[in-house]
Amino acid sequence: YGKRNKFFYKDAMEWYAGKWKSDKGILNEYPFIKMPAKDLANDYFDMAYPDVAEDGSVYSAITTFDRTAAIYKIDPEGKRTKVISMGLQQDHYFDQSNHRFVWTELRFDPRWIRKDKNVIIVYDESSGKKKKLIPVKGFYTPSLDKAGTRIAALHADLEGNYAIQILDALTGSLLATLPNKDNLYLSYPIWSEDEVSIIATARDDKGRMALVEEDIATGDIKLITHYSYNVLGRPFLHGDWIYLTSSLDTLDQVYAVDRHEGVFYRLSSGNSAHYDPAWDPSQEAIVCSEYHLDGRKIVSIPGHPGRDWILTGLNDGIKKVEGAGRNLLSPPGEKRAFEIKKYSQWSNVFNVHSWTIVADDPVWQAEIRSNNILNNISIAGGYEYNRNTKASGPYINMRFGMWYPVFSLGLGQTAKKITTKDGRQFRVSNDDVNAGISLPLYFTIGPYQQVVSLSSTYYKGISRLRPKIPEAPDFSFSYLTHKILLINSRNQAYRQAMPTWGQRFDLSYSKELSGVPISLLYLSSDLAFPGLKPSHYLLLRSEYLSQDTNSTSIQLSNPYVGARGYGSVEGKHQYRFGITYGFPIWYPDFGYGNIFYSKRVRLQPFFDVAYSDDINAPARWMRSTGAELIVDFNFPPISLGIRYSKLLSGDSKNSNVFEFFIPVQRF
């Protein structure tokens, strides 16, 4: 193109803007449903899949920058009430009937993430109880009958076969599986008014879509419309009309389809797209989501046939693409033959793809990473530095994830300089090889995520003192390290740097098997609480370290932080308690050099109290306070911070400290 990315993008946007202005039609403005002014003034307030109750209350899946997706009820006067939060989803679709709600959420196999399932969640608004219906592989776009006792949902099995299943909403039992000999992808199945058939959008093996109706008793599928390449959205049935969104026009608009004739009438128009129509019985109108840059808003459009309804032909759906050199739907035939053979897990073991900075303060690592094609052999090598102990050195680790437990092998060296009381300087280094076994587990439970990681690692090494002295010969050591990590955290909204609720527990224990004494016990816990605003957070952290500090023992590298800004000392028993309150101060929304994208700048004041029984420590108790200014980047996903610390009690030296640090992602 001859220009940098920035100008290429700018020119493209100007070209499309000019074309858009020349093509845009009559400006139609539809009234918003009643809602608080503060919601309309929100930076981002997205309202999806409206559904209207008999009393005129509108249910919608609402998402903001500060809150995760949840179903809300908006009464006719505009008062908004939260019904229930939703968990991890591919889409915020839901359906409701008779105070009962259904939607789908993702559930991952605890060990094998790729073995995911899309489960149905049934929520009873009256009792406040939830029920989970688990498929063989996945349920999609469920809907309820009028009584809210039966569910129609698209089911997919492990072989890629699709079928509509009828389930009991109260017990979860399977009532029927409807035949689907052409293996159509039947999305958004809805009940006919007499509940003897199911209406759905069908996609065939060519990618074409049509509206179909399947008889529940016989399994016969008949076409309501012919097939085309136009995308058809969620249908909503009212009388003889099926309302849906389609791409027949330049923008996605709402259409009414005659259930018996398959004729399309365009209902909405203007310079905004409209999605997911639903019938409002109290106003005898149609509500739908209207696209805006700050999120979709629910509007009302005329619901009865009249002069505003425009008869529209269902074309083949193939739009002209300027600059296209050939027909992508009819490519020239090619005869291609491939040799089929077993693919070895050990192919392309060394496949270096990136470098990164790993921060688990006070341990920092600069690392190069490699993963094989199947992503079950991971290699990481680099250099690490412990800010507290001043020990540093190279390392390389390999992890093998093709078995249920993860096996690991590694090599490492940590070294630091020491100065004796008589002024002599030495370099102490520990070289080791290690082998370990671990079990990482990941659970998704509604709006919460849970991590459980168990591991044991064996280390064998040799310790050297250079230059050599007779009273300190080289010696070998071996020890075992056991670790437990438990995390429970709520899903985070876009603006939330921390979950509103979260708990983390770390335990690490090391003990010698032979050689010199080694003993280390480290415990830490983190608790996250809501702040004064949804984007604020309160963090409480405590940690405890117990280690063998005798001159004849080896002291291992550990993650103990101590009072922030002043590091830790080498006591036999040490513990610390800290409190942090964080909040955003700026959303720069700015990119740097087509690489870094800055999402948020936040400030977090803190207060720490630390204790150590080290006889060489300047004080047993240290209290520090200060603030941390942190810049969060989306790409790469890293945060950088500057910390100011003020010593309140303890060491009289360096009472004011400024330092650069990389925040640890605890949740």
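Go through M622, M47 and list them by solvent-accessible area, largest first, probe radius 1.4 Å. Let's see the in-between values first.
Values: M622 30, M47 0 Å².
I get M622, M47, largest accessible area first.
Out of the total accessible area of region 6-106 (probe 1.4 Å, heavy atoms of protein only), what percent is carbon and sulfur? Let's see the in-between values first.
Values: 2960 of 5440 Å².
Answer for region 6-106: carbon and sulfur cover 54 percent of the accessible area.
Explain nothing, just the number: relative contact order of region 408-525, from Cα pairs under 8 Å at least 6 residues apart, as a whole percent. Don't jump to the answer; show the numbers that get you there.
Details: 271 pairs, mean separation 22.2, N = 118.
Here the relative contact order equals 19 percent.
In the full protein assembly as shown, how much of K73 is accessible to a 1.4 Å probe, in Å² to the nearest 10?
Per-residue accessible area (K73): approximately 50 Å².
Per residue, how much accessible area does region 46-164 show when a 1.4 Å probe rolls over the protein heavy atoms, in square angstrom?
Details: 4900 Å² over 119 residues.
Using a 1.4 Å probe on heavy atoms only, each residue of region 46-164 averages 41 Å².
Compute the separation of the alpha-carbon centres of region 337-371 and region 475-523 and state it in Å as a whole number.
24 Å
Normalise the Debye intensity by I(0) for region 374-460, one equal point scatterer per Cα, no solvent, then take log10 at q = 0.11, 0.18 Å⁻¹ and round to two decimals.
Once normalised to I(0) and log-transformed, intensities are -0.48, -0.91.
Around L465, what is the net charge, scoring Lys/Arg as +1 and Asp/Glu as -1 over all other residues with Cβ under 10 Å from its Cβ?
Working: positive: R427, R464, R466, K468; negative: E471, D474.
Net local charge, L465 excluded: +2.
Given a cut-off of under 8 Å on Cα pairs at least six residues apart, what relative contact order in percent is computed for region 459-503?
Values: 42 pairs, mean separation 13.2, N = 45.
Once divided by the residue count of region 459-503, the mean separation gives 29 percent.
Report the FRET efficiency, 1/(1 + (r/R0)^6), for F426 and D651, where r is their Cβ-Cβ distance and R0 is 22 Å, rounded to 0.05. Don't skip to the answer; put the middle values down first.
On the way: r = 26 Å, r/R0 = 1.17.
About 0.30, to the nearest 0.05.
Expressed in nm to one decimal, what extension gain is obtained for the pair Y587 and S282 from 0.36 nm per residue of sequence separation less their Cα-Cα distance?
Numbers: separation 305, 0.36 × 305 = 109.80 nm, distance 4.19 nm.
Answer, rounded to one decimal: 105.6 nm.
Using alpha carbon centroids, what distance separates region 568-603 and region 149-222, in Å?
50 Å
With all protein chains present, calculate the accessible area of V428 using a 1.4 Å probe and round the result to the nearest 10 Å².
About 40 Å², ignoring ligands and nucleic acids.
Kindly write out, for region 497-505 in residue order, the coupling ³J(HN,Hα) from the Karplus curve 6.51 cos²θ - 1.76 cosθ + 1.60 (θ = phi - 60°), rounded to whole Hz, with x marking Gly and Pro.
Couplings: 6, 9, x, 5, 9, x, 9, 9, 9 Hz.
Please list W15, W191 in order of solvent-accessible area, largest first, computed with a 1.4 Å probe with all protein chains present. If you can, show how the numbers build up before the last one.
On the way: W15 130, W191 25 Å².
Highest to lowest solvent-accessible surface, that is W15, W191.
Obtain the nm distance between the two label points defined at S354 and A41 by a simple spin-label model: each point lies 7 Å from its Cα along the Cα-to-C-beta direction.
4.0 nm
Over the chain, calculate the relative contact order: mean separation of alpha carbon pairs under 8 Å at least 6 apart, over the residue count, as a percent.
Values: 1692 pairs, mean separation 45.9, N = 667.
Relative CO of the chain lands at 7 percent.
Put a dot 7 Å past each Cα toward the Cβ at R307 and Y229; how far apart are the dots in nm?
Taking the simple label geometry, Y229 and R307 are separated by 3.8 nm.
Of R466, R296, which has the most accessible area and how do the rest follow, probe 1.4 Å?
From most accessible down to least: R466, R296.
Could you list the trypsin sites (Lys or Arg not before Pro) in region 565-667 that lie in coil according to DSSP, counting only those with at most 10 other Cβ atoms within 10 Å of their Cβ?
Values: sites: K572, R576, K599, R600, R602, R620, R623, R643, K646, K653, R666; in loops: K572, R620, K653, R666.
Of the trypsin sites (Lys or Arg not before Pro), the ones in loops of region 565-667 whose Cβ has at most 10 other Cβ atoms within 10 Å are K653.
How far is it, in nm, from the label point at I396 to the one at L293 when both lie 7 Å from their Cα along the line to the Cβ?
5.2 nm
Using the charge dipole of region 17-133 (Lys, Arg: +1 at Cβ; Asp, Glu: -1 at Cβ; taken about the Cα centre), state which of I33, Y49, G128 has its Cα farthest towards the positive end.
Projecting each Cα onto the dipole axis, the largest value belongs to G128.
Leaving out ligands and nucleic acids, and using a 1.4 Å probe, what accessible area per residue does region 370-413 come to in Å²?
Per-residue value: 47 Å².
Which number do you get for Rg(Cα) / (2.2 N^0.38 Å) in the chain?
Values: Rg = 31.0 Å, N = 667, 2.2 N^0.38 = 26.0 Å.
With N residues counted in the chain, Rg over 2.2 N^0.38 Å equals 1.19.
Treat every Asp and Glu Cβ in region 481-575 as -1 and every Lys and Arg Cβ as +1, leave all other atoms uncharged, and give the resulting dipole magnitude about the Cα centre to the nearest 20 debye. Mind showing how you got there, number by number?
Values: 9 positive and 6 negative charges, 99 e Å.
It comes to approximately 480 debye.
Taking 56 Å as R0, compute the FRET efficiency from the Cβ-Cβ separation of D11 and R466 and round it to 0.05.
Numbers: r = 62 Å, r/R0 = 1.11.
Calculated value: 0.35.
Would you mind checking the tilt of helix 5-23 against the longest principal axis of the Cα atoms of the chain, expressed as 0 to 90 degrees and rounded to 10?
Roughly 20 degrees, rounded to the nearest 10.
Assuming R0 = 22 Å, what is the FRET efficiency of Q450 and Y597, from their Cβ-Cβ distance, to the nearest 0.05? Please report the intermediate quantities before stating the final value.
Details: r = 29 Å, r/R0 = 1.34.
Once rounded, the FRET efficiency stands at 0.15.
The values are calculated or read from the model by the stated rules, or taken from the named source; none is laboratory data. Bear in mind the structure is a predicted one, so any value in this text is a computation, not a measurement. We place every Cβ from the backbone using ideal geometry, glycine too, and count neighbours over all the protein chains shown. Accessible surface areas use protein heavy atoms only, side chains included; no ligands, DNA or RNA. Shrake-Rupley method; radii C 1.70, N 1.55, O 1.52, S 1.80 Å.
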